[in-house]
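As structure tokens, the structure follows; a few thoughts come after it.
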Amino acid sequence: METNPAVCGKDCASCPYEIPEDLRMAAVCSEKKETACSSCPSYPCGTVRECALTGQATAYVHELFNGNAGGHDVQHTLRVYRNAMQIAAQEPGCDRLTVMLAALLHDADDHKLFATKNNENARRFLADQVSLEQMEEICACINSVSFSQNKGRKPASLEGMIVQDADRLDAMGAIGIARAFAFGGEHGRPLHETVRHFDEKLLLLRDLMNTEPAKRIAAERHAFMEAFLEQLKKETGSSGSI
Ligand code: ADP
Ligand code: NI
């Protein structure tokens, strides 16, 4: 069984944080010295330091979300991280450490979940891990992700664009459909109201992607949502009264 003392001191197979397999593989890579990771097929995870930080940041957001956000879905954060690293792998000009940490911390101070100011939760983690300069870069990146808070302005940096795309991709495709109906259910809304959310937001996301790799993923997820809506109409009639 693999152990990763450099990351958390626990063996991966019995990880209490249920870190997804691909992230665990990144953690396992911390055993390797200096070289870029070669055993991580989907997400070339780079240097030893990146690998170790992934494990620590993942553990931090688990604690944060379980402790302060009423068990709010930390899995969204992990999916955004995975999307972001997939995009970053095809954007060689980006700073991967910034992308990685901004993705993992992008909802750490979400006003819907936490009453913090000035990226307090993100800074608490970053202060011990990166330079002051990089901490500011990562916080700026996180703050540029939200559409509403930036009045639709695109992020200024490539890293911000990648994390914004990664976040939006998680509102599309099969996972986007699942999240929309979960949201509707949580708010006591009838199904047809959630179907409206597709026209209001989800079907607009494809054309808002910043990066080429995200545009390709978004095209597939968009087509899947359209097929879903078509099938829904077939099963329920076209009057919209499901
Ligand atoms: P995020 O935290 O990922 O930036 P939001 O907090 O805006 O996004 O939304 C979380 C999830 O809930 C998304 O998948 C979004 O599509 C969904 N959602 C938001 N508003 C509605 C709505 N009115 N009806 C259905 N789903 C919604
Ligand atoms: Ni998000």
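The values are calculated or read from the model by the stated rules, or taken from the named source; none is laboratory data. The shown structure was predicted, so the numbers you read here are calculated from the model rather than taken from an experiment. Please note: Cβ atoms are built from the backbone with ideal geometry, for glycine as well, and neighbour counts cover all protein chains shown.
Going by what's in this entry, would residue 135 be described as part of a helix (DSSP H, G or I), surrounded by 15 or more Cβ atoms within 10 Å (Cβ to Cβ), more than 16 Å from ligand 1 (Cβ to nearest atom) and at pLDDT below 95? Working first, answer last.
Working: part of a helix (DSSP H, G or I): yes; surrounded by 15 or more Cβ atoms within 10 Å (Cβ to Cβ): yes; more than 16 Å from ligand 1 (Cβ to nearest atom): yes; at pLDDT below 95: no.
Criteria not met by residue 135.
Looking at 172, 161, which is the one that is near ligand 1 (Cβ under 10 Å from one of its atoms) and either within 22 Å of residue 85 (Cβ to Cβ) or modelled with pLDDT of 95 or more (or both)?
172
Only one residue in 98, 116, 77 is β-branched (Val, Ile, Thr) and within 11 Å of ligand 2 (Cβ to nearest atom). Which one?
77
Only one of 171, 166 is touching a residue at least 60 places away in the same chain (Cβ under 8 Å) and either over 19 Å from residue 88 (Cα atoms) or buried (at least 16 other Cβ atoms within 10 Å of the Cβ) (or both); which? Explain how you work it out, then say what you get.
Values: 171 fails: touching a residue at least 60 places away in the same chain (Cβ under 8 Å).
None of the others qualify; the one that does is 166.
What single numbered condition from (1) aliphatic (A, V, I, L, M); (2) assigned to a loop (DSSP other than H, G, I, E, B); (3) within 10 Å of ligand 1 (Cβ to nearest atom) fails to hold for residue 205?
So the condition that residue 205 fails would be (2).
When you go through 214, 227 one by one, which is the residue that is hydrophobic (A, V, I, L, M, F, W, C) and in contact (Cβ under 8 Å) with a residue 24 or more places away in the chain? Spell out how you get there, then give the answer.
Working: 227 fails: in contact (Cβ under 8 Å) with a residue 24 or more places away in the chain.
Criteria check complete, one pass: 214.
Kindly evaluate residue 111 against the criterion of being in a loop (DSSP other than H, G, I, E, B), under 19 Å from the mean Cα position of the chain (by Cα) and modelled with pLDDT of 95 or more.
Considered against the rule, which asks whether it is in a loop (DSSP other than H, G, I, E, B), under 19 Å from the mean Cα position of the chain (by Cα) and modelled with pLDDT of 95 or more, residue 111 comes out as no.
Quick one: is residue 204 modelled with pLDDT of 95 or more and on the phi < 0 side of the Ramachandran plot? Walk me through it before giving the result.
Details: modelled with pLDDT of 95 or more: yes; on the phi < 0 side of the Ramachandran plot: yes.
Yes; evaluated as a whole, the condition is true for this residue.
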